[in-house]
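Input: a single structure, listed below in structure tokens.
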Amino acid sequence: MAIELVPAIEISSSGLQAERMRMKIAANNLSNMHSTADSNGQLYQRRQVVFSAIIGDKIANGAPTQELKGVEIAGVVLDSRPPRENYAPYHPEADESGMVKMPSISPIEEMLDMITATRAYEANLSVVKQSRDMANKTINLGQGG
């Protein structure tokens with residue numbers, strides 16, 4: 001029977017990857033908040049990361065149980081909010097009434113998403129560090145030191 005010395009590291013590393021992607025998406029949304037079109041000529045839409053728990057099956061004491069394995073990115077979805085319209089008759093994308101459609105992106109919402117992603121990343125990193133320290137102490141205990 002193998003003993004997993006630091007099971008929390010694998011779980012937390014999945015959290016690190018997920019939060020890194022969330023930060024990347026928020027930064028991309030902020031970068032495109034004034035874009036009137038994407039590479040396909042369509043109005044840019046805010047993107048949002050969807051997370052999903054990873055649950056594995058295992059046998060414990062002869063009975064099947066579920067074991068948490070971390071988080072994965074289930075997908076990136078487009079925001080369904082309608083675009084905001086700005087009056088800018090000088091803009092090349094303006095319609096005949098001078099209105100320009102812009103992505104419905106709030107810098108406050110994106111900054112809040114970036115802050116929460118940063119805090120979650122830091123928390124997962126702390127778990128990795130604590131798990132590493134626990135493993136080192138366990139190894140040292142086995143060596144008699």
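The values are calculated or read from the model by the stated rules, or taken from the named source; none is laboratory data. From a predicted model like this one, the values you see are computed outputs, not experimental measurements. No Cβ is skipped: glycine too gets one built from the backbone with ideal geometry, and neighbour counts run over all protein chains shown.
Output the residue which, of all residues in the range 2-43 that are under 12 Å from the mean Cα position of the chain (by Cα) and of a type in the set (Gly, Ala, Ser), is surrounded by the most Cβ atoms within 10 Å (Cβ to Cβ). I'd like the intermediate steps shown before the answer.
First, pick out the residues of the range 2-43 that are under 12 Å from the mean Cα position of the chain (by Cα): 14-27.
From the residues that got through so far, the ones that are of a type in the set (Gly, Ala, Ser) too are 14-15, 18, 26-27.
Details: SER14: 19, GLY15: 19, ALA18: 22, ALA26: 25, ALA27: 14.
Only one residue tops the list, namely ALA26.
One residue alone among ASP113, ASP95 is within 23 Å of ARG46 (Cα to Cα), in contact (Cβ under 8 Å) with a residue 60 or more places away in the chain and not aliphatic (A, V, I, L, M), and that residue is ASP113. Restricting GLN48, GLN17, GLN42 to residues that are at pLDDT 85 or above and in a loop (DSSP other than H, G, I, E, B) narrows the list to GLN42.
Would you confirm, using the coordinates I've provided, whether ALA94 is modelled with pLDDT of 95 or more, among the aliphatic types (A, V, I, L, M) and either outside any strand (DSSP E or B) or in contact with a helix residue (DSSP H, G or I) (Cβ under 9 Å, 6 or more places away or on another chain) (or both)? No: the conditions fail for ALA94. Remark: pairs (first residue in the range 1-27, farther than 18 Å from VAL49 by Cβ; second residue in a helix (DSSP H, G or I) and at pLDDT below 95; Cβ separation under 6 Å; 6+ apart in sequence or on different chains) = LEU5/ALA135; VAL6/SER131; VAL6/ALA135; ALA8/VAL127; ALA8/SER131; ILE9/VAL128; ILE9/SER131.
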